[in-house]
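Undergrad: Sending over a structure as structure tokens; questions will come in a sec.
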Amino acid sequence: METWPRRRHFEFFNKMDSPHLNITANLDVTRLYGMCKRKNVSFFQVFLYLVTKTANEIREFRFRIREGGVLEHERIDVSFTAPASDDLFSFCTAEYYENLSHFLEHVSDRLEQIQGSVELDDQQGKDEVIFTTCIPWVSYTAITHPIHLSPADSIPRFAWGKFFQENEKLQMPFSVQAHHALVDGLHVGQFFQSMQEKLNVIDL
């Protein structure tokens, strides 16, 4: 902390009652959507992989606040919402694998394990994760996630919504919410740029 260039920013934003920033923008998912359709692969699971991979690549999204200090995880996993019975959902955590096939297989296994159940305490207390959710019913322009204020909740949240056509491209709203003591608009911009670059060249 003594030598961290970000120390003053951390101290400034960490004192705020609502220290999270949230940015929503559209991503061009034309290539990925078409490829998933042709190869009968889950768009959700591949997109989940890209989000988790990008979060691991950008250091600031691996920072967490603990007991007033900051630690950096070497690797972070992903927690996502999954459909359950009676129009409810469950939390499901999956490990991150660099290999796409291994990740997809693992996520499918995890979904099978929680099928039909409603779990809201999946690995409670674990902060070496990101939280993700999909809102496929709405092409939203903004979203806010619930957070704990005490102790500080520094786990980034990612969400994506309903596809829509624009200029012959398939667009999808995507949002990034993060603790501003750890993450700036610059880092969120890097996240969007990296995601779009991956979406432009992905090959399944």
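Undergrad: May I have the count of lysine pairs in region 22-201 with C-alpha atoms under 22 Å apart, counting pairs 8 or more residues apart or located on different chains?
TA: 13
Undergrad: Can you compute the charge dipole magnitude of region 22-201 about its Cα centre, using +1 on each Lys and Arg Cβ and -1 on each Asp and Glu Cβ, nothing else charged? Give it in debye, rounded to the nearest 20.
TA: On the way: 16 positive and 24 negative charges, 124 e Å.
Charge dipole of region 22-201: 600 debye, to the nearest 20.
Undergrad: To continue, here is another question. Determine the percent antiparallel among the DSSP beta bridges restricted to the chain, to the nearest 5. Mind showing how you got there, number by number?
TA: Working: 26 of 34 bridges.
Looking only at bridges with both residues in the chain, the antiparallel portion is about 75 percent.
Undergrad: Between residue 135 and residue 1, what length comes free when the chain is fully extended (0.36 nm per residue of separation minus the Cα-Cα distance, one decimal in nm)? Could you put the intermediate results ahead of the total?
TA: Numbers: separation 134, 0.36 × 134 = 48.24 nm, distance 3.77 nm.
Computed gain between residue 135 and residue 1 is 44.5 nm.
Undergrad: Okay, next question. So which DSSP H runs in the chain come out at 20 Å plus along the axis (Cα) with average Kyte-Doolittle of at least -1.0? Don't skip to the end; give the middle numbers.
TA: On the way: long enough: 43-57 (21 Å, 0.61); 100-114 (21 Å, -0.24); 185-201 (24 Å, -0.16).
Taking the DSSP H segments of the chain (at least 20 Å long, mean hydropathy at least -1.0), we get 43-57, 100-114, 185-201.
Undergrad: On to the next question. Under the definition of Cα pairs under 8 Å and six or more residues apart, what whole-number percent is the relative contact order of the chain? Intermediate values should be presented prior to the final figure.
TA: Details: 326 pairs, mean separation 63.8, N = 204.
Relative contact order for the chain comes out at 31 percent.
Quick note: the coordinates plus some simple rules give every number you see, no bench work behind them. Quick caveat: nothing in here was measured; it's all calculated off a predicted structure. Cβ sites come from the backbone with ideal geometry, for glycine too, and all protein chains shown count toward neighbours.
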